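The values are calculated or read from the model by the stated rules, or taken from the named source; none is laboratory data. Worth saying up front: this structure is predicted, and the values here are computed from it rather than measured. Cβ placement follows ideal geometry from the backbone for every residue including glycine, while neighbour counts extend to all protein chains displayed. The protein model used for the area step is the full one, side chains on, heavy atoms only, and it has no ligands, DNA or RNA in it. Shrake-Rupley method; radii C 1.70, N 1.55, O 1.52, S 1.80 Å.
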Amino acid sequence: YVPTPSETVRRMLSVAEVGSEDVVYDLGCGDGRVLIMAVEEFGAKAAVGYEVSRQIYRIALFEVLRHGLGDKIKVINGDVFEANLSEASVITLYLNPSTNERLKPKLEREARMGARVISRNFAMVGWKVARKEYFDISILYLYRIPEAFTGR
């Protein structure tokens, strides 16, 4: 048995404890499934996705509108390194190790106190993991800001 992509996203959002007070940011949002599930199934009050590929961004935008969630979900065709992360209470990542490494200083500077960062398959090297979960072929790493990098 291999979980569907939706089951893996559901598990990520569950591990991150997404709820009605959360604003979920998905950096590298692909087709928007994390954003849509965060709002529809987990009741997040808002979600924002960044996608650098124009073609994939259009797919995500189409999916958001198809689900009637244009009022709660914003999809931005842009670079994750230019994202304003100050509103995010949960940040989801499914990026490669080198991108995660480059993203760490930005997260350390900009992520708000108490934000949760959940990364699929690739750890934030040097950060303290709050929870690590094996989900079939994936490993989910949950970090809490600022404890992940301050040691508090």
(request) Being within 19 Å of ALA46 (Cα to Cα) and in contact with a Ser or Thr (Cβ under 7 Å, 6 or more places away or on another chain) narrows it down to one of LEU85, LEU93, LEU65, LEU69, so name that one. (result) LEU93
(request) Go through the residues of segment 31-48 one by one and say whether even a single one is over 18 Å from TYR141 (Cα atoms), modelled with pLDDT of 95 or more and touching a Phe, Trp or Tyr at 6+ places or on another chain (Cβ under 8 Å). (result) yes
(request) Of the conditions (1) touching a residue at least 40 places away in the same chain (Cβ under 8 Å); (2) surrounded by 12 or more Cβ atoms within 10 Å (Cβ to Cβ), ALA111 clears all except one; give me its number. (result) (1)
(message) With the requirement that a residue be surrounded by 22 or more Cβ atoms within 10 Å (Cβ to Cβ), touching a residue at least 40 places away in the same chain (Cβ under 8 Å) and part of a helix (DSSP H, G or I), what does segment 14-49 give you?
(response) VAL34, LEU35, ALA38
(message) Please go through segment 1-13 and give me each residue that is open to solvent by 50 Å² or more (accessible area, probe 1.4 Å) and either more than 14 Å from ALA38 (Cβ to Cβ) or in contact with a strand residue (DSSP E or B) (Cβ under 8 Å, 6 or more places away or on another chain) (or both), ordered by number.
(response) TYR1, VAL2, THR4, PRO5, GLU7, ARG11
